[in-house]
1. Looking at segment 185-218, which of its residues are surrounded by fewer than 18 Cβ atoms within 10 Å (Cβ to Cβ) and within 23 Å of V58 (Cβ to Cβ)?
2. What pairs can you find where one residue is in segment 137-161 and farther than 24 Å from E177 by Cα and exposed (fewer than 13 other Cβ atoms within 10 Å of the Cβ), the other is at pLDDT 95 or above and not aliphatic (A, V, I, L, M), and their Cβ atoms are less than 7 Å apart, with a gap of 6+ or different chains?
3. If you go through segment 163-170 one residue at a time, do you hit one that is among the aromatic types (F, W, Y) and closer than 20 Å to F33 by Cβ?
4. Tally the residues that are part of a strand (DSSP E or B) and either among the small types (G, A, S) or under 28 Å from D192 (Cβ atoms) (or both), restricting the search to segment 219-245.
5. If K133 passes every condition in (1) in contact (Cβ under 8 Å) with a residue 24 or more places away in the chain; (2) part of a strand (DSSP E or B); (3) over 21 Å from Q193 (Cβ atoms) but one, which one does it miss?
6. Mind listing whichever residues of segment 187-213 are assigned to a loop (DSSP other than H, G, I, E, B), over 19 Å from the mean Cα position of the chain (by Cα) and not aromatic (F, W, Y)?
7. From the set of residues in segment 36-86 that are among the β-branched types (V, I, T) and assigned to a strand (DSSP E or B), which is surrounded by the fewest Cβ atoms within 10 Å (Cβ to Cβ)?
8. Being in contact (Cβ under 8 Å) with a residue 24 or more places away in the chain, in contact with a Ser or Thr (Cβ under 6 Å, 6 or more places away or on another chain) and either of a type outside the set (D, E, K, R) or farther than 27 Å from Y73 by Cβ (or both) narrows it down to one residue among G224, G169, G213; which is it?
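The values are calculated or read from the model by the stated rules, or taken from the named source; none is laboratory data. Bear in mind the structure is a predicted one, so any value in this text is a computation, not a measurement. Backbone-built Cβ (ideal geometry, glycine too); neighbour counts: all protein chains shown.
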Amino acid sequence: MRIRLLFFFFCFGVHSLLGQKITTTDEQTWFGFLSQTRFSHRWGVWFDAHLRLRDDYVGDFGQGIVRAGPIFYLTDDVRLTAAYAYVHNFPAVGHAEIARPEHRPWQQIQWFTRWPALRMIQGARLEQRFVRKLLSDTELGDGYLFTSRIRHNLVLFFPLTAKRFEPGGLQFTLNNELFINFGKNIVYNHFDQNRFFAGLVYPFSKHAQVHAGYMNLYQQLASGNQFRNQHTIRVFYFHNFDLRK
């Protein structure tokens, strides 16, 4: 009986150990250029490009992303976008000798709300992710792993100077974006990640502004018990073009 009890507690202890949450920490720096160009009353185009550095913020390349697609303006403050993203994952753990590509069609709705002392942007995005399969650490496989993801983004802007939201004013911004995975290939990580950002916004003009600050990214990996806690310096430049007469 004692042997059975000892064996039971040994197995229970091993199972508990294997099931423990494992969290790794990373430091990255993200640079981004984002634009929305409006051609007419109803139509425009979305474009953004990103370079993400990893390993003590600037030690190595992490990821490059380019997105582009048409925008349909339901109103000045409600916009629909259907676009495509190419994601270039630089060599990393799991594919240390090769880059891993991803193709990502996506659809989005954005809406803007303006008050005298507060601005708000919300958005919901649906993504279809085609990530190239791997044969080994040095060789890509045939075909793609398909998953889907939905994202909800909330951004708040608070004026800090008398100019409020005018060019030359300074703003404080808070931004939270939640990512949820779904699809038959998602087993343990329906929660994908959450990104929380706090920083400053400086508008150079009515059409151009820079956002800079700190972002915490907390992600659950595919195994379910592995998590990533990422500290990120984020610098984004936004430029909106209006080509209407």
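1. F196, A198, L200, Y202, V210, A212, Y214, N216, Y218, listed by residue number.
2. G141/K133; D142/K133; G143/K133; T161/G169
3. no
4. Narrowing segment 219-245 to residues part of a strand (DSSP E or B): 219-220, 226-242.
Now drop any that are not either among the small types (G, A, S) or under 28 Å from D192 (Cβ atoms) (or both), which leaves 219-220, 226-238.
Selection size over segment 219-245: 15.
5. All conditions are met except number (1).
6. First, the residues of segment 187-213 that are assigned to a loop (DSSP other than H, G, I, E, B): 187-190, 204-207.
Those still in the list that are over 19 Å from the mean Cα position of the chain (by Cα) too: 187-188, 204-207.
Matches in segment 187-213: V187, S205, K206, H207.
7. Looking only at segment 36-86, we keep the residues that are among the β-branched types (V, I, T), and these are 37, 45, 58, 65-66, 71, 75, 78, 81.
Of the ones still in play, those that are also assigned to a strand (DSSP E or B) are 37, 45, 65-66, 71, 75, 78, 81.
Numbers: T37: 15, V45: 16, I65: 18, V66: 14, I71: 20, T75: 8, V78: 12, T81: 20.
This residue is T75.
8. Details: G224 fails: in contact with a Ser or Thr (Cβ under 6 Å, 6 or more places away or on another chain); G213 fails: in contact with a Ser or Thr (Cβ under 6 Å, 6 or more places away or on another chain).
Among G224, G169, G213, only G169 is in contact (Cβ under 8 Å) with a residue 24 or more places away in the chain, in contact with a Ser or Thr (Cβ under 6 Å, 6 or more places away or on another chain) and either of a type outside the set (D, E, K, R) or farther than 27 Å from Y73 by Cβ (or both).
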